[in-house]
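The structure appears right after this line, and notes come after that.
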Amino acid sequence: VLAALVALPLAVAACGGSSSGGGSSGGSSPAATASAPKFDPAAAPLSLTSDAASKTVKFTLVADYNSSNGGMNFNGYSQGALVISVPTGWTATVTCQNKGTINHSCAVVSGPGATQPSISGAGTQNPTAGLGGGQSGTFNFTAPSPVIERISCLVPGHEAAGMWITLRIVASGNPAASVTT
Ligand SMILES: [Cu+2]
């Protein structure tokens with residue numbers, strides 16, 4: 001509840017300061033956010049690079065990739081629509097690239113409202129402040145026991161606006177990315 005109260009005014013401020021966020025509708029109202037599409041149906045799922053021998057997987061999340069969801073997206077996806085699966089025991093290297101003009105971050109969290117990663121070190125530096133426009137950060141984590149997590153932007157208001165994707169830690173298999181509706 002606290003996070004939501006804090007988040008809303010900041011989300012409005014962020015929208016007002018955006019120069020490229022698809023704000024033609026001026027859509028900072030909760031209704032506009034709730035009805036925003038989760039992704040462009042023409043978009044391809046994220047590509048991953050993985051190596052079974054070393055149990056490593058790499059992928060890049062581009063924050064504010066396009067105007068989808070008012071810029072509150074990773075690679076064009078929001079509200080959990082992009083699903084990345086990483087098997088337990090594999091090590092993921094995540095590059096978080098901020099293509100936008102406002103600050104964004106990437107962090108593995110257990111659910112909405114978190115301010116710190118759920119796995120130690122599994123986020124960009126100072127994730128509530130975020131990376132400045134045009135900046136990138138990289139982090140690594142080893143996938144724990146199977147659980148469904150998120151990778152969210154922890155800049156206040158952004159996750160609540162839908163800026164998160166789904167991270168599934170799975171018991172076996174290979175890393176994969178898919179899209180859900
Ligand atoms: Cu953000």
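Let's test the formula: R0 of 22 Å, r as the Cβ-Cβ distance of THR128 and THR95. What FRET efficiency results, to the nearest 0.05?
Result of the calculation: an efficiency of 0.65.
Can you list the aspartates and glutamates whose alpha carbon is less than 20 Å from that of LYS99, not counting same-chain residues fewer than 8 positions off?
Here the aspartates and glutamates satisfying the reach criterion relative to LYS99 are ASP40, ASP64, GLU159.
Please list, short to long, the whole-number percent of alpha-carbon pairs of region 131-170 in consecutive 5 angstrom bins beginning at zero.
Bin by bin from 0 Å, the calculated values are 6, 18, 20, 26, 18, 10, 2.
Provide the net charge surrounding THR88, with neighbours chosen by a C-beta distance below 13 Å and charges set as Lys +1, Arg +1, Asp -1, Glu -1.
Charge balance in the 13 Å sphere: +1.
For SER68, what is the net charge nearby, where nearby means another residue's Cβ is under 14 Å from its Cβ and Lys, Arg count +1, Asp, Glu -1?
Surrounding charge for SER68 is 0.
Once the Cβ-Cβ distance between ASP51 and SER178 is put in as r, and R0 is 25 Å, what FRET efficiency do you end up with, to the nearest 0.05?
The pair ASP51/SER178 has a calculated efficiency of 0.80.
Please report the Cα spread of region 61-180 along all three principal axes, rounded to whole Å, starting with the longest.
38, 28, 23
None of the figures in this text is laboratory data; all of them are computed from the coordinates on show. Note that this is a predicted model, so its numbers are computed, not measured. Heads up, the Cβs are rebuilt from the backbone with ideal geometry, glycines too, and the neighbour counts pull from every protein chain shown.
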